[in-house]
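The values are calculated or read from the model by the stated rules, or taken from the named source; none is laboratory data. Source: prediction; values computed, not measured. Note that each Cβ is placed from the backbone with ideal geometry, even for glycine, and that neighbours are counted across all protein chains shown. The protein model used for the area step is the full one, side chains on, heavy atoms only, and it has no ligands, DNA or RNA in it. Shrake-Rupley method; radii C 1.70, N 1.55, O 1.52, S 1.80 Å.
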Amino acid sequence: MASTAGASELLFQFGSDSRASGAAREVVRAAVGDLRREILSDVLLCVTELVTNSVTQPAAEPGDVVELRLLRDDHVLRVEIADRDRGVTVESARRAPGDPAFGLYIVELLADRWGVERGEQRRIWFEKNV
């Protein structure tokens, strides 16, 4: 993502539980609600899928945190969802609804770019041209 004078960054943290997806949608809507409706709709669905993916992964423990970072400039919105790297492989494939990896397929379809970074944290990100 190119840096411009109009670039901004916001960081949010949520408990890794069933309320995280709804809370993430609320903060994203408040932060970037000025986007065109179809873009905002895609972004909110991708956020929901990635946060849900994070909180439903095996080996989640009480006290785990999901981090959401929004980076925006005049042309691109980048959303990053980070959690404790539990060693779960992230791959994309055409999956059927109900399959745990189906959310990643949705992100692949709706985002302009997406990827995964591994380390102490697993960071799944997507970008949407705005």
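Among the residues of region 5-26, which ones are open to solvent by 40 Å² or more (accessible area, probe 1.4 Å), in contact (Cβ under 8 Å) with a residue 24 or more places away in the chain and of a type in the set (A, V, I, L, M)?
Ala7, Leu10, Leu11, listed by residue number.
With Gly63, Gly119, Gly87 as the choices, which residue is modelled with pLDDT under 80, under 24 Å from Gly15 (Cα atoms), not charged (D, E, K, R) and not in a helix (DSSP H, G or I)?
Gly87
If I ask for residues that are under 15 Å from Gln121 (Cβ atoms) and either part of a loop (DSSP other than H, G, I, E, B) or of a type in the set (D, E, K, R) (or both), which ones from region 66-80 would you list?
Selection gives Glu67, Arg69, Glu80.
Please go through region 31-49 and give me each residue that is over 19 Å from Ala82 (Cα atoms) and either touching a Gly at 6+ places or on another chain (Cβ under 8 Å) or open to solvent by 90 Å² or more (accessible area, probe 1.4 Å) (or both), ordered by number.
Result: Asp34, Arg36, Arg37, Glu38, Leu40.
Considering only residues that are of a type outside the set (Asp, Glu) and over 15 Å from the mean Cα position of the chain (by Cα), look in region 50-61 and name the one that is least open to solvent (accessible area, probe 1.4 Å).
Only one residue tops the list, namely Ala60.
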